[in-house]
Structures are given as structure tokens and as C-alpha cells.
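Before any comments, here is the structure.
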Amino acid sequence: MFAEIHIERGRIRAVLPCLTGTIVRTETDSFEFPGCHVSPGFVDSHAHVVGLGERLAAVSLHDAPSLEDCLSRLSGSITSETTWLRAMGWNQERWSSRDWPSREDLDRCSSVIPIIAMRVDGHAMWVNTAALKAAGLDPTSQSGILIDDAMRPVWSAMPASSREEVREQILRATNVWVQHGVTEIHDMDVLPEWLECFRELAESGHLPVRIQSFVRGQDREWIEAGLLPAGGELHRIAGVKLFADGALGSRGAYLRSQYSDNVTTQGIELLSVDMLTSRMREIVDAGWSCIAVHAIGDAAVRNVLDAYDVVRGLPDGRDLILRIEHAQHVHPDDVDRCRRLGVIACVQSTHCCSDAMMAEVRLGAERLPWAYRWKTLIDAGITMTGGSDAPIESPSVIEGLRAFVHRTPYGMSSSWMPAERITSQQAVDAYTAIAHHAAGMEYRRGALHVGFDADLVVTSHDVCEYSDHIGNDISIQATFTAGRLRYSA
Ligand SMILES: [Zn+2]
């Protein structure tokens, strides 16, 4: 919409009609955007801020078309200063061979410097012999691919980033997000030791977006660190994050029956219903109001719902924000249960575009219709929010909107299972008004209302009328967080 917005002390003071575009007036400045539209700032309701910062610093293998190409990029990145080499984004499904790589492949880059390369989904790690040795693992018994929990020894052996490095990663990443019109991020699986960096950046005025931290709780890390929920304007410790399973690409997603392309496995149950329930009881007892659980496979989703059923029934259970992250594969029997339990589904539309072909093979024809269901969830009355899962996917909200509305896998020209597409208005809501429900901030964000926080995005076209003809032309012209201009084109 076109509008003239007046801002005072970070809040919207007036919204006036404007015929020619968007004007934003603060106490000291006036910004004019002729012909441009304004909407509430976008929320990326599932992302990894430090992860994107690391990715921006690591060797990118994201578009590598072959194993050889990955190896040459890695070799080319080794300098005399390199102590550990980190890379991200390889995907053997994109390679002509499609074979999983090995430690011997990586040993061709270096036999001395430990190399760790994360698969695109973040659930598989490819390492060389030097990295295995550094982690205290016997290389002769290892292929060089470590899945989910098996990565732990390598993570522990790797030198931790210094505080200064973490601060740099946060700033590097958040300054990319504002370019995409994002004013708030639900930051998932946050390590307790990073929180101080976020707080410092927020209080010193350097953080350009709001951050809702969901702290790691898989091994009760938040308890070990003595954390409790805490609130500031730009940085809030909002909730606890758990994992019920892994990812589909590495066959870590926990399915109710065997994988169609590997009948020896149903995936990995990272936390049973009992363990989920006991973790959640501790979380609720400590006064947290928000729980987010990663669940991709239909069995994992069911486990989480079983645990949420118990938690909703607790004396303080009614007002809890209970989220399922990804909710990629929801059994038909569980859709209405999600609604009844008031569970928020936080989905990543671009995963569908990246993984549709892989999902067909992993899941098989019969259960494929349960995958990446968006219209089904919304029509069933479930609150559904959108997030990028950056750095696994691009942090671009426009790309996320396009995926919701078009559902076209990358490299293809037509929609995949088009019945699950949603409208541009629904997609924008998932990134704005609805997304704020997932952190309990809907009472003051997500609409251009007087008294609401002045988190705004100015775009070249009206995002709510996002459709084929303007799809690729939308550009972000400016981003305001808490009433301050944080980005302009
Ligand atoms: Zn994630």
C-alpha cells in the first residue's frame, strides 16, 4: 500500500493516506519513496544467524556441480594461515555421480589441515582423515561422512570462535537480512555463549534487526548455562529449541515406515516421546513460554504432538507457544490434531523447491502428498509461519514468497504438487502478522497500526499482489527497524 508513516520513539504515531508512494517521517528525518509500497517488516521465523555469518566466511560449495569442483574450491582456499578449513553447502544430489563423498576424496586437498564440509541440509558432515584424528576418531573405521549426533566429536575438537568473531558473524549476517526487508529473526538453536554477543550488539545500537533467540535445549544446555527467558527491545531470549529428528536428505528424518529408497531405515528418532516430554516439563517449570521442536518426518511430528498433548494439559500449559519447526511431512491423522493443540507450524517454503525431487525418491508416491503441505495446514486452521532456515537456504524473503506462491522446484519451470500453493496474501501473512504469533509479539508488531513498533519494509511493488507478472521485479527499497533506517537500496 501507499502511505505516509510518522514515527516517534520507534513506534508508529500516524498512518496517513498518500497517493504517490511511501513517505516515512521520523523525529529528525523524512524519507520519500515515490511509487513504492510499505508493509510491516518481514520476520524470518526460522534461521541460524551465526550459521549464516559462518557461511559467509566459509568456502561455499552450494552450487558445485561435481565432487571434483568441490575439491578444487577447497584446495584453492587453503593458505599458509589455514589451521582448520570449513566449507558448507555440498549436495551430492546435484553431482552427476550422486555418490556420497569419502574422507579419501578430501585427503587429496590436505592430509594435515583438518577439513570439515557441511552438507547443504546441515545434518551431514564430510571430513578428512586429519579432522577425524583431531576429533579422536579412528579414521580406518570411518567413511568420512558423519550424520547428526555422530558429528559431535568433531564439533568439540574444533577451536571455538572468539567473542569478536561471533560478533562479526552476527553483524555480517544481520546486515544481509535487512537487505531482504527482514526486521526480526527467530534465531534457532542458539548456543548460550553467543547470547552475550547479541545483547552487547543490541544495547550498543549495532544490531540492525530484532532477534528472538531460541536457545539450544537438546542436551539441556540452557539449564547448564543457568538461562531463563529475558526480554529487551532488540534482543530477547524467547524460547528453547529441541530436535525430534534429523533431515530427509541424509535419511535422518524419522518416518513411520521405511524409506522408499532404503528399506533398512526409518530415520533417526533423536528424542523419544518420553524424553521430549521430560525436556518440555523442565522448560515450562522454569517459566519459558515458547518451545520450538524440529520435526521433519511424520513419526517425529507425531512424537512432538504426543509430548505437546501432555504439556498443553499442564497448569500453565494453555498459553504456551508450541511450535513445530519444518513440519515437512505431516500424516493426515495429525493435521487436525495440530489445530486442536494450537500448534504453530513454522515451514520453509524454499526447502520444497530444493528438495522436491529428492523427497519423491525418499518418500515414494503414496506418502508424497503429505509433504510440504501448506494449503492443507492453513485450510485446517493451523497457524503457519514462514522462515528461510538460512544458511541452509537463501535468507531472501522474496524467494520464500515466490516458493509459497509458485512452488516451482529450482531448475524446473512448472509447479510441483500445485494444490498446496498458497496465495500471495497468505504468504506475506506467514512472514509478517502471523509470524509474530510464533514469538508472542503479535500485540505490537505485524501491522501498520498506530502504537505498533515501526518495523517497516518499503518495496518496489505491493508484495500482497505478488503474482506471476511482477514476480521477479520486486526489490527491497528500504528497511526500518524500531523506527530507524537500517538499509536503503
Ligand atoms: Zn534450522
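The values are calculated or read from the model by the stated rules, or taken from the named source; none is laboratory data. Because the structure is predicted, anything quoted here is derived from the model rather than measured. Note that we place each Cβ from the backbone using ideal geometry, even for glycine, and neighbour counts take in every protein chain shown.
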Kindly check whether there is at least one residue in segment 126-143 that is within 25 Å of Gly246 (Cα to Cα) and part of a strand (DSSP E or B).
yes
Within segment 40-53, can one find any residue that is in a strand (DSSP E or B) and surrounded by fewer than 17 Cβ atoms within 10 Å (Cβ to Cβ)?
no
Take Val209 and decide whether it is free of Cβ contacts under 8 Å to residues at least 40 places away in the same chain and in contact with a Lys or Arg (Cβ under 8 Å, 6 or more places away or on another chain).
no
Segment 414-460, subset out of contact with any helix residue (DSSP H, G or I) (no Cβ under 7 Å at 6 or more places or on another chain) and acidic (Asp, Glu), residue nearest to Ile12 (Cα to Cα):
Asp453
Kindly evaluate Ala247 against the criterion of being aliphatic (A, V, I, L, M), surrounded by 15 or more Cβ atoms within 10 Å (Cβ to Cβ) and out of contact with any helix residue (DSSP H, G or I) (no Cβ under 8 Å at 6 or more places or on another chain).
yes
Residue that is more than 16 Å from the ligand (Cβ to nearest atom) and touching a residue at least 60 places away in the same chain (Cβ under 8 Å), where the choices are Ala371, Ala359:
Ala359
Filtered residues of segment 407-428 (kept if at pLDDT below 90 and of a type in the set (Ser, Thr, Tyr)):
Tyr410, Ser413
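Here is a yes/no grid of residues against (1) buried (at least 24 other Cβ atoms within 10 Å of the Cβ); (2) part of a loop (DSSP other than H, G, I, E, B); (3) not assigned by TED's automatic domain parsing to the domain that holds Ala380:
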| site | (1), (2), (3) |
| --- | --- |
| Val304 | yes, no, no |
| Tyr308 | yes, no, no |
| Val311 | no, no, no |
| Pro315 | no, yes, no |
| Asp319 | no, yes, no |
| Glu325 | yes, no, no |
| Asp333 | no, no, no |
| Cys338 | yes, no, no |
Restricted to segment 384-395 and to residues being assigned to a loop (DSSP other than H, G, I, E, B) and crowded, with 21+ Cβ neighbours inside 10 Å, the residue farthest from the ligand (Cβ to nearest atom) is Pro395
Close pairs from segment 400-414: first closer than 11 Å to Tyr431 by Cβ and part of a loop (DSSP other than H, G, I, E, B), partner modelled with pLDDT of 90 or more and of a type in the set (S, T, N, Q), Cβ under 9 Å, at least 6 apart:
none
Pairs needed: first member in segment 106-126, over 16 Å from Leu67 (Cβ atoms); second member anywhere, more than 16 Å from the ligand (Cβ to nearest atom) and among the hydroxyl-bearing types (Ser, Thr, Tyr); C-beta distance under 6 Å; at least 6 residues apart or different chains.
Ile113/Thr82
Residue among Trp177, Trp194 that alone is within 16 Å of the ligand (Cβ to nearest atom), part of a helix (DSSP H, G or I) and touching a strand residue (DSSP E or B) at 6+ places or on another chain (Cβ under 7 Å)
Trp177
Just need a number here: residues in segment 1-30 that are of a type in the set (A, V, I, L, M, F, W, C) and surrounded by fewer than 18 Cβ atoms within 10 Å (Cβ to Cβ).
7
Can you confirm whether segment 215-231 contains a residue that is assigned to a loop (DSSP other than H, G, I, E, B), surrounded by fewer than 23 Cβ atoms within 10 Å (Cβ to Cβ) and polar (S, T, N, Q)?
yes
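Residue-by-condition table, conditions (1) outside any loop (DSSP other than H, G, I, E, B); (2) buried (at least 19 other Cβ atoms within 10 Å of the Cβ):
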position	(1), (2)
Leu56	yes, no
Ser75	yes, no
Glu81	no, no
Glu93	yes, no
Ser97	no, no
Trp100	no, no
Leu106	yes, yes
Ala117	yes, yes
Positions within segment 329-356 being out of contact with any helix residue (DSSP H, G or I) (no Cβ under 7 Å at 6 or more places or on another chain) and within 14 Å of the ligand (Cβ to nearest atom), in sequence order:
Cys346, Val347, Gln348, His351, Ser354, Asp355
Answer from Ala124, Ala58 - the residue that is more than 16 Å from the ligand (Cβ to nearest atom), small (Gly, Ala, Ser) and within 27 Å of the chain's Cα centre (by Cα):
Ala58
Which ones in segment 275-288 are in contact with a strand residue (DSSP E or B) (Cβ under 6 Å, 6 or more places away or on another chain) and either more than 23 Å from Gly440 (Cβ to Cβ) or not in a helix (DSSP H, G or I) (or both)?
Trp288
Taking the condition of being touching a residue at least 60 places away in the same chain (Cβ under 8 Å) and exposed (fewer than 15 other Cβ atoms within 10 Å of the Cβ), how many residues in segment 287-298 meet it?
0
Looking at Ala124, Ala134, Ala150, which is the one that is more than 24 Å from His326 (Cβ to Cβ) and of a type in the set (A, V, I, L, M, F, W, C)?
Ala134
